[in-house]
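Laboratory data are not the source of any read-out in this text; all were calculated from the coordinates shown. Worth saying up front: this structure is predicted, and the values here are computed from it rather than measured. All Cβ positions, even for glycine, are placed from backbone atoms using ideal geometry, and neighbour counts span all protein chains on display.
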Amino acid sequence: MSQNILAIAEQIEGVFRKVTFEALSEGRRIADQLGGELNALVLGDNIENISKELGQFGADRIIVAENSALSEYLPDAYGNVIADVIDKETPDVVILGASTQGKDIAARLSARLNAPLAMDCVAIRFEDNNLMATRYMYGGKILADVMLNGKPQILAIRPNAMTIASAAGTGVVEKFEVNTGPTLVKFIEKHLDTGKVDLTEADTVVSGGRGMGGPDFAVIEELAQVLEGAVGASRSAVDEGWRNSSDQVGQTGKVVSPNLYIACGISGAIQHLAGMSSSNVIVAINKDSEAPIFSKADYGIKGDLFEIVPLITEEIRKLKG
Amino acid sequence: MEIVVLLKQVPATESLIGIADDGVSIKTDDVKWVINPYDEFAVEEALRIKEAHGGSVSILSVGSEKTVEAIRTALAMGADKGILINVPDGDVCDGLTTAKILSAALKEIPFELIIAGQRAVDDDNFQVGPATAEFLDIPHISMVIKQEIIDGKITCRRTVDGGTVVLETLLPVLFTTQRGINEPRYASLPGIMKAKKKPIDMKTMTDIGLDPETVGKPLTKIVSLKTPPERKGGIMIEGDSAQEKAARIVKILHEEAKVL
């Protein structure tokens with residue numbers, strides 16, 4: 001059963017998201033297993049130069065949809081163009097990163113194409129010729145195996161869940177004639193926090209909770225900085241107004257699965273644990289030795305975070321020379 | 001302004017979730033059911049828009065009869081009426097099926113604005129809002145933290161990874177809510193009393209012109225549920241001083257866990 005796969009790339013200001021390479025690598029793996037082509041689709045303006053890079057992750061053809069109307073992500077313009085490409089390419093599988101943008105595209109596309117969608121999946125496999133996706137539900141409390149029937153099967157993969165593998169693809173760049181069709185949504189302006197590592201893609205996340213006692217997260221930020229990681233927060237820290245809601249980790253915030261998660265002054269409410277328990281290594285720092293977070297952490301430190309965290313930052317600085 | 005809020009009843013986020021004997025659904029006995037938190041933001045935002053622009057707020061749900069409780073809570077917050085498309089327990093809807101049912105129901109309800117939560121915290125599908133907009137052939141804007149409506153035009157600030165973007169479109173539109181958009185009000189006692197008299201329309205799929213046989217065949221099927229591998233508490237780092245503990249944890253993370 002040969003399967004042709006289309007991976008939708010995501011670039012911001014001419015830089016591909018890490019999850020794009022993860023989606024391509026996973027797409028390559030499926031294509032190799034079943035004997036099919038992996039093609040990549042890139043949308044944007046002035047993107048032809050960067051598009052070649054996707055060949056290094058196994059793309060056979062790289063379809064470039066370049067148009068000034070695509071310089072910013074707009075759900076209707078992007079939706080129309082992607083649907084046109086799918087119409088022409090008739091892929092069996094569409095794979096993309098479950099970033100904020102990717103989730104938005106995947107959802108709208110599933111309705112447009114009346115196609116099955118596995119959102120935010122963490123593993124993909126074939127079973128009796130059927131694609132099976134594993135995904136979390138209930139904010140990380142349950143893992144579900146979902147079977148998809150229909151074509152194309154849309155897989156939105158969770159950032160940081162799948163490995164990036166270099167692979168030689170043919171990497172031929174070809175242009176797609178863009179017609180954005182009727183669109184109603186207009187871009188007005190954007191505000192991006194430059195230099196900030198995105199929480200869902202970060203290799204390390206350092207989070208603060210009620211134990212922070214106030215909006216001063218300097219010790220957390222410094223530790224995150226030496227680790228080139230991102231800063232997260234528990235729901236109570238967000239509810240107190242100490243951090244922006246975009247920093248919230250948990251069932252009603254973001255679900256993260258970094259290589260290293262450091263929880264500082266977080267007691268470990270079930271809705272927070274749901275959002276970070278798929279991290280590779282968890283370290284918890286808390287004054288209260290009875291805090292539930294210690295029962296989920298690989299390493300626990302009982303003590304005052306304001307004393308311990310700066311010392312850890314210092315030790316890591318020494319280590320990194 | 002005629003506003004419709006898409007609302008789902010879900011297990012409260014503090015609930016422990018267990019797997020039922022059939023292996024593909026969850027145990028519902030001890031679950032506390034609430035309005036999906038993101039839909040609560042949607043109800044609140046709809047009420048604020050109504051307060052500013054006049055009009056009415058209708059609550060539209062797909063679910064079992066039990067969902068009436070959640071709709072009643074939204075009515076107690078101040079919404080005007082409820083519509084429940086009754087899908088009996090056990091009839092499993094995936095996100096796309098739910099969107100098909102909602103959009104069929106919306107063809108009979110006048111609206112200029114639809115507000116939904118960005119996702120339901122049970123399925124975590126992020127799918128129903130944008131898919132419903134697609135079926136209705138109207139634009140959508142996801143994860144909105146601020147909106148303004150002037151002369152039939154809506155301007156929304158939405159969150160994206162690493163920042164925010166401002167988008168604009170014409171009504172009718174569907175937008176989904178993101179945390180930070182508002183603080184939902186509590187239902188007041190007079191609100192609760194009034195809600196008892198507010199109408200809730202119960203409809204079946206056939207009532208809204210759908211054939212349950214064809215709509216009810218989801219393209220995705222849950223074949224098994226399991227609980228994620230239980231994390232066990234690990235090692236407590238001991239030491240005579242904070243300095244010693246800090247040095248020890250960094251050494252372990254570097255040499256044993258190899259994450260530094």
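In whole Hz, with x marking every Gly and Pro, tabulate ³J(HN,Hα) for segment A:305-319 from phi via Karplus 6.51 cos²θ - 1.76 cosθ + 1.60, θ = phi - 60°.
The phi angles translate into 4, 5, 8, 6, 4, x, 5, 5, 4, 4, 4, 5, 4, 4, 4 Hz.
If you wrap a convex hull around the C-alpha atoms of segment A:39-84 and split its volume per residue, what is the figure in Å³?
68
List the aspartates and glutamates whose alpha-carbon lies under 17 Å from that of residue A:151, not counting same-chain residues fewer than 8 positions away?
Cα-Cα hits under 17 Å: A:37, A:84, A:87, A:89, A:92, A:127, A:128, B:94.
Of all beta bridges DSSP finds with both residues in segment A:113-235, what is the antiparallel percent, to the nearest 5?
Antiparallel: roughly 65 percent of the beta bridges in segment A:113-235.
Quick one: of B:197/B:226; A:190/B:27; A:296/B:32; A:175/B:107, which pairs are farther than 32 Å apart, Cα to Cα?
In this structure, B:197/B:226; A:190/B:27; A:175/B:107 lie more than 32 Å apart at Cα.
Counting helices only, and only those DSSP H runs with n ≥ 4, report the 222 nm mean residue ellipticity of chain B as the sum of -39,500 (n - 2.57) divided by its residues, in deg cm²/dmol to the nearest 500.
After summing the helix terms and dividing by the residues of chain B, the value is -8500 deg cm²/dmol.
If amide hydrogens are placed 1.01 Å from N in the peptide plane, which non-local residues have theirs closer than 5 Å to the one on residue B:200?
B:82
Order the peptides A:7-15, B:220-228 from the highest to the lowest mean number of other Cβ atoms within 10 Å of their residues.
Descending mean neighbour count gives A:7-15, B:220-228.
Partner chain Cβ atoms within 10 Å, averaged over the residues of A:110-122 - can you pull that number for me?
Per residue, the average neighbour count from other chains is 5.
Alpha carbon centre of segment B:36-101 versus segment B:212-255: separation in Å?
Here the two parts' Cα centres lie 34 Å apart.
So if I take the alpha carbon set of chain A, get Rg, then get Rh from the Kirkwood formula, what is the Rg over Rh ratio?
We get a ratio of 1.01 for chain A.
Per-residue mean of other chain beta-carbon atoms within 10 angstrom of the beta-carbon, peptide A:10-20?
1
Among the aspartates and glutamates, select those whose C-alpha is under 12 Å from the C-alpha of residue A:52, and discard any that sit fewer than 8 residues away in the same chain.
By straight Cα distance, residue A:52 reaches A:60, A:174.
Taking H placed 1.01 Å from N in the peptide plane, check which residues at least 5 places from residue B:124 or on another chain put their amide H under 5 Å from its amide H.
A:138
Would you list which aspartates and glutamates come within 16 Å of residue A:287, measuring only between C-alpha atoms, while excluding same-chain residues fewer than 8 positions from it?
Hits, sequence-local ones excluded: A:304, A:307, B:238, B:240.
Using only the Cα atoms of segment B:199-239, what are the Rg and Dmax in Å?
23.5, 70
Quick one: plug the Kirkwood hydrodynamic radius of segment A:204-320 (C-alpha pairs) into Stokes-Einstein at 25 °C, 0.890 mPa s, and report D in µm²/s.
So the translational diffusion coefficient is about 180 µm²/s.
So, R0 is 56 Å and r is the distance between the beta-carbons of residue B:53 and residue A:170; what FRET efficiency does that work out to, to 0.05?
The formula returns an efficiency of 0.50 here.
Hey, can you rank A:50-61, B:117-128 by average C-beta count inside 10 Å, highest first?
Put in order of decreasing packing, that is B:117-128, A:50-61.
Taking Cα atoms of segment A:118-243, Rg/Rh with Kirkwood Rh, to two decimals?
1.07
Indicate, rounded to the nearest 5 percent, the antiparallel portion of the DSSP beta bridges found entirely in segment A:5-175.
Taking every DSSP beta bridge within segment A:5-175, about 35 percent pair in antiparallel fashion.
Residue-wise, which Karplus ³J(HN,Hα) couplings in Hz belong to segment B:250-259, taking 6.51 cos²θ - 1.76 cosθ + 1.60, θ = phi - 60°, and x for glycine or proline?
5, 4, 5, 5, 7, 8, 9, 6, 6, 10
Hey, got a sec? Which GluC sites (Glu not before Pro) in segment B:10-58 land in a DSSP loop and have at most 12 other Cβ atoms within 10 Å?
B:14
Please say if segment B:2-215 is rounded, prolate or oblate, where rounded means a/c under 1.5 for a ≥ b ≥ c the square roots of the C-alpha gyration tensor eigenvalues, and otherwise the choice is prolate for a/b larger than b/c and oblate otherwise?
In terms of gyration-tensor shape, rounded.
From the helices alone, meaning DSSP H stretches of at least four residues, give me the mean residue ellipticity at 222 nm for chain A, per-run term -39500 (n - 2.57), in deg cm²/dmol to the nearest 500.
-8000 deg cm²/dmol
Can you list the residues, at least 5 places off or on another chain, whose amide H is less than 5 Å from the amide H of residue B:34, using H built in the peptide plane?
Close amide H contacts, sequence-distant or interchain: B:10, B:12.
If you count the DSSP beta bridges with both ends in chain B, what percent of them are antiparallel, to the nearest 5?
40
Which distance in nm do the two modelled labels at residue A:126 and residue B:32 give, with both placed 7 Å along the Cα-to-Cβ direction?
4.7
Could you give the nm distance between label points at residue B:92 and residue B:66, where each point is 7 Å from its Cα heading toward the beta carbon?
In this crude label model, residue B:92 to residue B:66 measures out at 1.7 nm.
Within 10 Å of each Cβ in A:291-299, how many Cβ atoms from other chains are there, averaged over the peptide?
5
With all pairs of different alpha carbon atoms counted, what Kirkwood hydrodynamic radius in Å does the protein assembly as shown show?
With all distinct Cα pairs of the protein assembly as shown included, I get 24.6 Å.
By average Cβ neighbour count within 10 Å, what is the ranking of A:99-107, B:22-30 from highest down?
A:99-107, B:22-30
Once you treat every alpha carbon in segment B:99-176 as an equal point and sum by Debye, what is log10 I(q)/I(0) at q = 0.26 Å⁻¹?
Reported log10 I(q)/I(0), two decimals: -1.28.
Taking θ = phi - 60°, what integer Hz values does the Karplus form 6.51 cos²θ - 1.76 cosθ + 1.60 yield along segment B:146-163, in sequence order, with x for Gly and Pro?
These are the phi-based 3J(HN,Hα) values: 7, 9, 9, 10, 9, 6, x, 10, 10, 10, 10, 9, 10, 8, 10, 5, x, x Hz.
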